[in-house]
Structure formats: structure tokens, C-alpha cells
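Single-structure report; data block below.
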Amino acid sequence: MTQQGAVLQGYNNELVKCIEDLCMQKEELNKQIQQAEEEKNKLQHEIQVLNEQLECVCENLAQKVASRNELDKILAETEAAYMKILDSSRTLLNVLKKEVGSLKHTPELKTN
């Protein structure tokens with residue numbers, strides 16, 4: 001029976017060692033899980049910050065594009081109005097030249 005007790009004691013020692021090894025593996029795995037969760041939380045926070053920055057940049061960009069489009073419209077309208085002014089000026093100049101030319105061909109009024 002002593003031999004059986006010794007064998008049983010040997011099994012028990014091995015079993016305790018295996019349990020201790022499993023506990024150490026579990027502790028190590030818990031540390032790795034905690035580190036991974038911390039890294040995940042850090043990355044999620046960074047993503048949130050970047051998303052907020054992206055939203056601000058997109059809003060700013062949209063405002064600038066709208067302003068540029070408004071300036072394009074104002075420029076187009078101004079250029080069109082200026083072209084009308086140039087055309088009117090050219091027409092006025094041509095009319096004036098004709099009037100001056102016709103004055104040269106008319107006899108002068110004589111005074112008594």
C-alpha cells in the first residue's frame with residue numbers, strides 16, 4: 001500500500017504542477033488580454049478624435065466650396081455686365097463717329 005500511496009502522491013504532485021502551470025498561463029493570457037483591450041480602447045479613442053477632425057475639415061471644405069461657387073457666379077455676372085458695357089461703349093463710339101462724319105459734310109451755317 002505504501003507503494004500505491006507513493007504513486008498516488010506522485011500523481012498528485014504532477015496534477016498540482018499542471019494546475020499551477022495552467023494558472024500561470026491563464027495569468028499571462030489575462031495580461032495579454034488587458035493589454036489588447038487597452039490598445040483597442042486607445043485606438044478607438046484616436047479614431048473618434050480623427051473622425052471629429054475629419055468632420056470639421058469636411059464642413060470647412062464645404063463652406064469654402066460654397067464660397068468659391070458664389071464668387072464664380074458673381075464673377076460670371078460681372079463679366080457679362082462688363083461685356084455689355086463694352087458693347088454699348090463701342091456702339092456709342094460708332095454713332096458718335098458717324099455724327100461727327102456727317103457734320104463734316106454739311107455746309108456751315110452762315111451768319112448775317
To the nearest Å², the heavy-atom accessible area per residue of the range 6-70 with 1.4 Å probe amounts to 94 Å²
Under-23-angstrom lysine pairs by C-alpha in the chain, whenever the two are 8 or more apart or on separate chains = 9
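So what is the calculated 222 nm ellipticity per residue for the chain, using -39500 (n - 2.57) for each DSSP H run with n of 4 or more, over all residues, to the nearest 500 deg cm²/dmol? Kindly include the intermediate steps, with their values, before the conclusion.
On the way: 1 runs with 104 residues, N = 112.
Using -39500 (n - 2.57) per qualifying helix, the result is -36000 deg cm²/dmol.
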Return the FRET efficiency for the residue pair Glu77, Leu103: r is the Cβ-Cβ distance, R0 is 41 Å, and the value is rounded to the nearest 0.05.
-> 0.60
Label model pair Val16, Asn30: point-to-point distance (7 angstrom along the Cα→beta-carbon line) in nm is 2.1 nm
Please work out the FRET efficiency for the pair Leu8 and Glu46, using the Cβ-Cβ distance as r and a Förster radius of 41 Å; give the result to the nearest 0.05.
-> 0.15
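Please give the charge dipole size of the range 6-70, origin at the Cα centre, charges +1 on K and R Cβ atoms and -1 on D and E Cβ atoms. Round to the nearest 20 debye. Let's see the in-between values first.
On the way: 7 positive and 13 negative charges, 23 e Å.
That gives a dipole near 120 debye.
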Can you give the accessible area of Thr106, probe radius 1.4 Å, in Å² rounded to 10?
-> 70 Å²
Over the chain, with every protein chain in place, what whole percent of the accessible area is carbon and sulfur at 1.4 Å, could you tell me?
-> 60 percent
About the Cα centre of the chain, what is the dipole size in debye to 20, counting +1 per Lys and Arg Cβ and -1 per Asp and Glu Cβ, all else neutral?
-> 1440 debye
Could you give the angle, 0 to 90 degrees to the nearest 10, between helix 2-105's Cα long axis and the longest principal axis of the Cα atoms of the chain?
-> 0 degrees
Sorting Leu22, Leu93, Asn41 by the position of each Cα along the dipole of the chain (Lys, Arg +1; Asp, Glu -1; all at Cβ), the one nearest the positive end of that ordering is Leu93
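The values are calculated or read from the model by the stated rules, or taken from the named source; none is laboratory data. Source: prediction; values computed, not measured. We place every Cβ from the backbone using ideal geometry, glycine too, and count neighbours over all the protein chains shown. The area values use the complete protein model at the heavy-atom level, side chains included, leaving out ligands, DNA and RNA. Shrake-Rupley method; radii C 1.70, N 1.55, O 1.52, S 1.80 Å.
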